[in-house]
1. So Val31 clears everything in (1) assigned to a loop (DSSP other than H, G, I, E, B); (2) among the aliphatic types (A, V, I, L, M); (3) in contact with a strand residue (DSSP E or B) (Cβ under 6 Å, 6 or more places away or on another chain); (4) surrounded by 15 or more Cβ atoms within 10 Å (Cβ to Cβ) except one condition, right? Which one?
2. Would you mind finding the one in Ala171, Ala123, Ala142, Ala181 that is open to solvent by less than 40 Å² (accessible area, probe 1.4 Å) and part of a helix (DSSP H, G or I)?
3. Could you tell me whether any residue of segment 53-60 is without any contact (Cβ under 8 Å) to a residue 60 or more places away in the chain, open to solvent by less than 20 Å² (accessible area, probe 1.4 Å) and touching a helix residue (DSSP H, G or I) at 6+ places or on another chain (Cβ under 7 Å)?
4. Would you check which residues across segment 256-310 are surrounded by 15 or more Cβ atoms within 10 Å (Cβ to Cβ) and not in a helix (DSSP H, G or I) and list them?
5. Among the candidates Thr170, Thr214, Thr174, which residue alone is touching a helix residue (DSSP H, G or I) at 6+ places or on another chain (Cβ under 9 Å), farther than 30 Å from Arg103 by Cα and of a type in the set (Val, Ile, Thr)?
6. Considering only residues of segment 319-338 that are touching a residue at least 40 places away in the same chain (Cβ under 8 Å) and open to solvent by 20 Å² or more (accessible area, probe 1.4 Å), which is nearest to Thr408 (Cα to Cα)?
7. So, in segment 321-346, how many residues would count as being in contact with a Ser or Thr (Cβ under 9 Å, 6 or more places away or on another chain), assigned to a helix (DSSP H, G or I) and hydrophobic (A, V, I, L, M, F, W, C)?
8. Would a scan of segment 167-183 turn up a residue that is farther than 20 Å from Glu29 by Cβ and not charged (D, E, K, R)?
Amino acid sequence: MADLFEAAGLTPQAPSPLADRLRPQRLDEVVGQDHLLGPEGPIRRMAEAKRLASMILWGPPGTGKTTIARLLAKEAGYQFQQLSAVFSGVADLKKAFEAARVRRLAGQSTLLFVDEIHRFNRAQQDGFLPFVEEGIVTLVGATTENPSFELNGALLSRCQVFVLKRLDETALETLIKKAEAFEGAPLPLEPEARAALIALADGDGRYVLTLIETLFNIGSAKPLTTKELGQVLQKRSPAYDKDREEHYNLISALHKSIRGSDPDAALYWLARMLDGGEDPLFVARRLIRAAAEDIGEADPMSLVLANAAKDTYDFLGSPEGEIALAQLTVHLATAPKSNAVYRAYGAAMKAAKETGSLSPPMHIRNAPTRLMKELGYGKGYAYDHDQAEGFSGQDYFPDEMDRQTFYTPRGEGAEGRIKERLDRWAALRRERGGA
């Protein structure tokens, strides 16, 4: 009679997932990470020398972090011990360190692999330091998050950080061919559907093998079209965390594409963010900033249009309101550019901090009382509208401060006309003794 485990299919003979069955057995078999594992790669050299340094493997899901750690221990002759920061606590760490200490006394080195190491808090991360320093363990931590933000500086200073790349089309195609060879049959897909499968994997090797296993399991009698593939497999959510590094990477890419006058790239990054679930109002705020910082007086209407696009989204909501953000993105990317106002404000702020509390010159101070008039407030002020060309040329800086030039228009778009006026006023100021 079958027991509960057999009834549940949990016997030793139960088949493991295809991704597990195709797990590489040597570092040479790992795909997509040649910059680390190729003949001149740093991890390859460590394995060949059989001397490992503590390291952090940073990369997207499904790029081989766990596999690399396991094979690294195997090829370097280290004992492999694995912990997950999701399921482990201080007690588990103490047991792991004690076991490693015992092995070291017996002449055996330990590679301690910690998956999702960024999930350990700061105090737990500090707990690694003495054991790493003494060489009791060689730490290999895996993380999908930027180590600069998530790991202690003290721990980072004792580890090398290696960045794993998302798998490209060539690497994913290699995995597909391995799966086909293992199954002894081609994938039941038309060429266009095969390309769509690779795109659907989004650089994740484990995920593409999961999709392949699903396709083999359904046993289609004929190759599937792209449309049929979409009906069989669910579209994967894009890898995008609204409060993590990718959030800042993509908004930076959007802003810099606008600054670089590339509307097509800017629209792509806008679409990536919105498709990933980003708050459209967060995007709108950055677009308003771009209008002020990178376009400024070259196209003064850009700031007005930016606020109008934000109001449009507020009024229409999603998805209709997102069209206004797309229109604004194109407008900003194709507008003439000038950061002259942005730079001028920064220079003025620097001067304000350096000069302290200098008072305005007497002639431009307000004089609402008789005493203030008697003290000379407002004396000698020339009303510009009554002067020739509507310009007096007086000096408006503090008496103790030389005249400064903060705003230097670049001459792009509407700012070209501003530059002409400023040049004319500067000439008049010199003529009239305003410096």
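1. (3) is the only condition that Val31 fails.
2. Exactly one residue qualifies, and that residue is Ala171.
3. Looking through segment 53-60, none of the residues is without any contact (Cβ under 8 Å) to a residue 60 or more places away in the chain, open to solvent by less than 20 Å² (accessible area, probe 1.4 Å) and touching a helix residue (DSSP H, G or I) at 6+ places or on another chain (Cβ under 7 Å).
4. Ser261, Asp262, Gly276, Glu278, Asp299, Pro300
5. So the residue among Thr170, Thr214, Thr174 that is touching a helix residue (DSSP H, G or I) at 6+ places or on another chain (Cβ under 9 Å), farther than 30 Å from Arg103 by Cα and of a type in the set (Val, Ile, Thr) is Thr214.
6. Ranking the qualifying residues of segment 319-338, first place goes to Lys337.
7. Residues that pass the stated criteria total 8.
8. For segment 167-183, residues farther than 20 Å from Glu29 by Cβ and not charged (D, E, K, R): absent.
The values are calculated or read from the model by the stated rules, or taken from the named source; none is laboratory data. Remember, predicted model here, so these are calculated numbers, not experimental data. Positions of Cβ are backbone-derived with ideal geometry, glycine not excepted, and every protein chain shown enters the neighbour counts. In case anyone asks, the SASA skips ligands and DNA or RNA and just uses the protein heavy atoms, side chains included. Shrake-Rupley method; radii C 1.70, N 1.55, O 1.52, S 1.80 Å.
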